[in-house]
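The values are calculated or read from the model by the stated rules, or taken from the named source; none is laboratory data. Predicted model only: the values in this text are computed from it and were never measured. Glycine also receives a Cβ, built like all others from the backbone with ideal geometry; neighbour counts cover every protein chain displayed. Surface areas here come from the heavy atoms of the whole protein model, side chains and all, with no ligands, DNA or RNA. Shrake-Rupley method; radii C 1.70, N 1.55, O 1.52, S 1.80 Å.
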Amino acid sequence: MKSLIVIALLFLPTALFCQKPDDEQSRIRKEKIEEIMRLQDLRTPFDSRLVGLLSDQDPVVRARATLAYGSLQDTAVIGLLTRNLTDPDIVTANVAAFALGQTGTMLSEAGRRELEHDLIWNRLARTEASGRLIEEIGKFGTAQGLADLMTRVGNVPPVAEPERLLMSIARFGMRGVVADDGVRFALRYVQQGTAVPWQAIYALQRIGKHPETLQAIESLRLLAKQNDPLVRLNLATLMAKLGDAGGASEVLQRLADHDTDWRVRVNALRGLGGFSWVGNESVITTFRRAFFDGNQHVSITALSVFPSIGVTRADSTPAARDAMTQLGYIAQNSTGGFPWQVQAEAAAALARIDHLLPRALAQPPSELRPLLRARLLRAAGETSSPEARNLLFAAAREEEPLIQSAAIDGLQSLCRRTTSDSALVDAVIRESLRLLETRDVAVATTSASLLGDSLFRRSESVGPLLATLENLRPPHDTEAMQEIIATLGKLRDSRALQPLLALLQSPDRSVAASSAAALREMTGVDYSGRIERKPEPLYVDLDFAYLRTLPPVVRVKLETGRGDITIDLEKNDAPFTVMAILKLAGQKGFYRGLTFHRVVPNFVVQGGDPRGDGWGGPGFAIRSEFSLRSYETGTVGIASAGKDTEGSQFFITHSPQPHLDGRYTIIGNVVAGMDVVDRLQVDDRIYDIAVVP
């Protein structure tokens, strides 16, 4: 449940572009706001003008300047951000809490302890933004900070905003920081016998297996009857982490069989995949039925998880025989009655179980969809088939990057299954080094990743990796550069030292940060302080004239092959990102005919890549614009390969995903057509994105 404060925050920058009468005060405000945006986009955190605006007399200006530091994450201004926690303007206080949560992650362990102590014991009682601050501390706090937070807030009922503390406990849990008091606080809501906030179960599942949670297993089992599907889907994840204690698996099976929400069934099936069910007719039947579930996400999940439950051809139970027969029927798809995405997962499942090449690969490549063939090639690597080696090497020598990348993935898996075959490993290394020369971002990234795998690390790879790196440029090649740099760090060869030192000055901060991390792995020395502090962005579009023409909320219609989706783009949360997306869609027709290249059931659907394989973009990078919004059901975010590498790819969430908060730019939310989002599958087409008049 959102507090009134949070609801007010959603309208934080509404005044930033409002066309008010042209009086002196509004003119000055507009100029200052645009200056803040310019400095934020140019990544100039140390500019005295921006620092000064944190203390501006106008609360709207102070709030916007403070918010900018949520993206800049500059530890030099932590003192000023802390001061703004007690700002008389509640919006400024709340964005100060957000900026502190974002910036605290950049501190050393000692710095985090010092900051959390000050916030918990000195600032929390003095700020109107206490709820937001409690949650934000969870992003960076230490074990001592969590203990202090529970002593200061959790053990002194009543807690004013329990969802905030529950989410803070969850954010600590995401980083492996757990306190018994935190677990007991979350369990308090489980045991009260009324409607349970989903955040309590989310916190428990993020913490995972814990003695206190195991003792409450009977109360937890009852939550399968809660009305809120967010409680039930998080319960399924939690039960999987608890193992088979207290009949957790029975709850998972019941949810997989009978829950009315497809997202719950997906999570339950994934949970069941963590157990061995050899000879268990009931659970095998649950999977067999799910193969044919009316929701395609459920059937794909069941097929992808089924190989992990231990069923083989040797299992003679009727349920196992039926399941294997039906797997073969779906994988063959001789009548064309199954979507290719379902066929692909069935074929991959059979390959993992039988260790034989998927039969569909016997067809001429021209008769298979490229994405289907790529999935089958990856599956081939998980087999023991003698034909797999030649098939994968042949595919690696084709010219299509999608197929080349899939072949390298397959060869890597094949080598992992036969680690003693040194001749095969050496041949795969040679093939990966050859493919580096293509300099395609997908192929280079995949090849570099393989060469960084411990099985394939060789000193002779250093020269080709450096040669490839020298010819790559951000933003087009950022991901390939990151992967090559990471591999060079793992190889720890002195020849890479000077090239990596030079990349500390890269205008792409993600590349510079990758170089610092690799250098630290090679030398044990922290080079992060030598990263260029004010890099010049490679792409800038400070088109304020265009921004002023846009209302605070821009409604667009996303037309797809499954139906239309209506999205409200929030200009003031991410102005330059929204502007870039609208320009691509409206002025260039960029999105027409593109596809959704990535779909993860009960996580996201992702599209907007002109290549169609997840490796493409618009030819420029946008700086990250983080805001106070959270990833809820239907939130629209921008994909990235690290901070400040956003482009044209966007994603829509199936359910709340708090772990994405403050890490990926949010541009809006779905207001109609969520049922269409839930039906989208890989390779579904985008017809257009158009502004709704």
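Taking every alpha carbon pair in the range 435-568, what does the distance histogram look like in 10 angstrom bins from 0, in percent?
In order of increasing distance, the bins hold 12, 34, 22, 15, 14, 3 percent.
Round to the nearest 0.05 the FRET efficiency obtained for THR105 and ARG520 when R0 = 22 Å and r is the Cβ-Cβ distance.
So the FRET efficiency works out to roughly 0.80.
Between the helical axis of 162-174 and the dominant principal axis of the chain, each derived from Cα atoms, what acute angle in degrees is found, rounded to the nearest 10?
Helix 162-174 sits roughly 50 degrees off the main axis of the chain.
What nm distance separates the two modelled labels at GLU398 and ASP493, each placed 7 Å from Cα along Cα→Cβ?
According to this spin-label approximation, the distance is 3.1 nm.
Could you work out how far helix 575-586 tilts from the main Cα principal axis of the chain, as a 0 to 90 degree angle to the nearest 10?
50
Determine the share of the chain's accessible area contributed by carbon and sulfur atoms, expressed in whole percent, with a 1.4 angstrom probe.
That share works out to 50 percent.
Per residue, what volume in Å³ does the convex hull of the Cα atoms of the range 173-280 enclose?
91
Give the Kirkwood hydrodynamic radius (Å, one decimal) of the range 576-693, defined as one over the mean of 1/r across all pairs of different Cα atoms.
After inverting the mean inverse Cα-Cα distance, the result is 14.2 Å.
Packing-wise, with mean Cβ within 10 Å as the measure, how do 59-72, 425-438, 471-484 rank, highest first?
59-72, 471-484, 425-438
Considering only C-alpha atoms, what is the centroid distance from the range 96-129 to the range 133-188, in Å?
14
Hey, can you grab everything whose amide H is under 5 Å from the amide H of THR560? Only 5+ residues off in sequence or another chain; H modelled, so Pro and N-termini drop out.
Long-range HN contacts for THR560: ILE565, TYR687.
Can you tell me which of 97-104, 73-80 comes out highest on packing, and rank the rest after it, using the mean Cβ neighbours within 10 Å?
Those peptides, ordered most packed to least, come out 97-104, 73-80.
Just subtract the alpha-carbon distance of ASP541 and ILE28 from 0.36 nm times their residue separation and send over the number in nm, one decimal.
Between ASP541 and ILE28, full extension yields an extra 182.5 nm.
Residue separation times 0.36 nm, minus the C-alpha to C-alpha distance between ARG592 and ARG359: what's the value?
So the extension gain works out to 80.4 nm.
Stick to Cα atoms and the Kirkwood definition of Rh, then tell me Rg/Rh for the range 338-410.
Using Cα coordinates only, the ratio equals 0.93.
Obtain the radius of gyration and the Kirkwood radius of the range 238-372 from its C-alpha atoms and give Rg over Rh.
That ratio is 0.99, to two decimals.
Pairs to check: LYS30/LYS583; LYS32/LYS643; LYS139/LYS588; LYS571/LYS643. Give those whose C-alpha atoms are more than 31 Å from each other in this structure.
The pairs that break the limit, which is 31 Å between Cα atoms, are LYS139/LYS588.
Give the aspartates and glutamates whose C-alpha is closer than 14 Å to that of LYS225, dropping any in the same chain fewer than 8 places away, or say none.
GLU250, ASP257, ASP259, ASP261
By per-residue mean of other Cβ atoms within 10 Å, what is the highest-first order of 391-403, 236-248?
Order by mean packing, descending: 236-248, 391-403.
SER528 to ASP181: FRET efficiency via 1/(1 + (r/R0)^6), r the Cβ-Cβ distance, R0 25 Å, to the nearest 0.05?
Calculated value: 0.15.
Which cross-chain or sequence-distant (5 or more) residues have an amide H under 5 Å from the amide H of SER55, H modelled 1.01 Å from N in plane?
Here nothing satisfies the definition.
Excluding residues fewer than 8 places away in the same chain, name every one of the aspartates and glutamates whose C-alpha is closer than 17 Å to that of LYS557.
Candidates past the 8-residue exclusion: ASP568, GLU570, ASP675, ASP678, ASP684, ASP688.
If you take the alpha carbon radius of gyration of the range 114-179 and divide it by 2.2 N^0.38 Å, what ratio comes out, to two decimals?
0.96
Output wanted: per-residue J couplings in Hz (rounded whole) for the range 90-96, from phi through Karplus 6.51 cos²θ - 1.76 cosθ + 1.60, θ = phi - 60°, x for Gly and Pro.
5, 5, 4, 4, 5, 6, 5
Can you grab the distance from the C-alpha centre of the range 675-690 to the C-alpha centre of the range 563-602, Å, no decimals?
The range 675-690 and the range 563-602 have Cα centres separated by 12 Å.
Quantify how much of the Cα-Cα distance distribution of the chain extends past 44 Å, in percent.
26
Which Rg and Dmax, in Å, describe the Cα atoms of the range 254-306?
According to the Cα coordinates of the range 254-306, Rg and Dmax are 9.8, 28 Å.
Report the Stokes-Einstein translational diffusion coefficient (µm² s⁻¹, integer) for the range 346-463, Rh taken as the Kirkwood radius over Cα pairs, at 20 °C with viscosity 1.002 mPa s.
Result for D is 152 µm²/s.
Roughly how large, in nm² to one decimal, is the mean projection of the convex hull of the alpha-carbon atoms in the range 17-111?
The Cα convex hull of the range 17-111, projected and averaged over all directions, gives 6.1 nm².
Compute the accessible area per residue over the chain, keeping the other protein chains in place, probe 1.4 Å, unit Å².
Here the per-residue accessible area is 39 Å².
Can you tell me the Rg and the Dmax, both Å, for the Cα atoms in the range 107-224?
When restricted to the Cα atoms of the range 107-224, Rg and Dmax are 14.0, 43 Å.
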